[in-house]
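A.B. asks: Mind having a look at this structure? Questions to follow.
Coordinate-derived values only; no laboratory data. The structure displayed is predicted, hence computed values, not measured ones. Cβ: placed from backbone, ideal geometry, glycine included. Neighbour counts: every protein chain shown.
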Amino acid sequence: MGGYVYFMANERNTTLYVGVTGNIEKRAWEHKTGTDKSSFTYRYNCFKLVYVENYSNIRDAIEREKQLKNWKREWKNELISKVNPGWHDLSLMDGIAGQVRNDEGQGCNDEGQGCNDEGQGCNDEGQGCNDEGQGCNDEGQGCNDEGQGCNDERN
């Protein structure tokens, strides 16, 4: 059985949670909906999935999670920013499991080349997130219509 190592962040990206799971879609949904009201992610509003690594073996994922939990915050920030510079909420994308970093830590799709099937971004044209390929909200910034997943400048 495979597994995923992931980071959840709060809206302002000031708090991070590192976790491991065998089902990233289900686990992200559990965090976002506050299934466990006593959890760290619920207490600190870490509802944004900002980073994911996919492993073919759950034991490898668990080992990686332990490693990442010992990293300095600066290193975690750099790791996230390499693949998700805007710290967008990856759980808002269709098919999270197919759009994550692979075992080699490359890209988003199965070939490690981006986010959509062609490995070229987020929407069907591989050009971003909204219909115009310019982000996600009306101003072309953020992740969804409510501007969630944005930083203080809403981009």
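A.B. asks: Please identify the trypsin sites (Lys or Arg not before Pro) of the stretch 1-40 that satisfy two criteria: DSSP loop assignment and at most 14 other Cβ atoms within 10 Å. Which are they? Mind dumping the intermediate values first?
C.D. replies: Working: sites: R12, K26, R27, K32, K37; in loops: R12, K37.
In loop regions of the stretch 1-40 (DSSP not H, G, I, E or B), the sparsely surrounded trypsin sites (Lys or Arg not before Pro) are R12, K37.
A.B. asks: While we're on this one: Just to confirm the filter: which trypsin sites (Lys or Arg not before Pro) across the stretch 59-93 are DSSP coil and have at most 13 other Cβ within 10 angstrom of their Cβ? All intermediate terms of the calculation are to be shown ahead of the outcome.
C.D. replies: On the way: sites: R59, R64, K66, K69, K72, R73, K76, K82; in loops: K72.
Of the trypsin sites (Lys or Arg not before Pro), the ones in loops of the stretch 59-93 whose Cβ has at most 13 other Cβ atoms within 10 Å are K72.
A.B. asks: Still on this structure: Cut-off is 10 Å between beta-carbons; in what order do W75, W87, W29 appear when sorted fewest neighbours first? Walk me through the numbers before you get to the answer.
C.D. replies: On the way: W75 11, W87 21, W29 14.
Lowest count first: W75, W29, W87.
A.B. asks: Moving on to the next point. For the stretch 1-70, compute the number of Lys pairs whose alpha carbons are separated by less than 19 Å, excluding pairs fewer than 8 positions apart on the same chain. Could the numbers behind the result be given before it?
C.D. replies: Numbers: K26/K37; K26/K48; K32/K48; K37/K48; K48/K69.
Within the stretch 1-70, the lysine pair count is 5.
A.B. asks: What is the fewest-to-most order of V52, V5 by other Cβ atoms lying within 10 Å of their Cβ? Numbers along the way, then the final one.
C.D. replies: Numbers: V52 22, V5 26.
By the 10 Å Cβ count, ascending: V52, V5.
A.B. asks: When you have a sec, figure out the Kirkwood radius of the stretch 3-98 from all distinct Cα pair distances and drop it here in Å to one decimal? It would help to have the intermediate numbers written out before the result.
C.D. replies: On the way: mean 1/r = 0.0752 Å⁻¹.
One decimal place: 13.3 Å for the Kirkwood radius.
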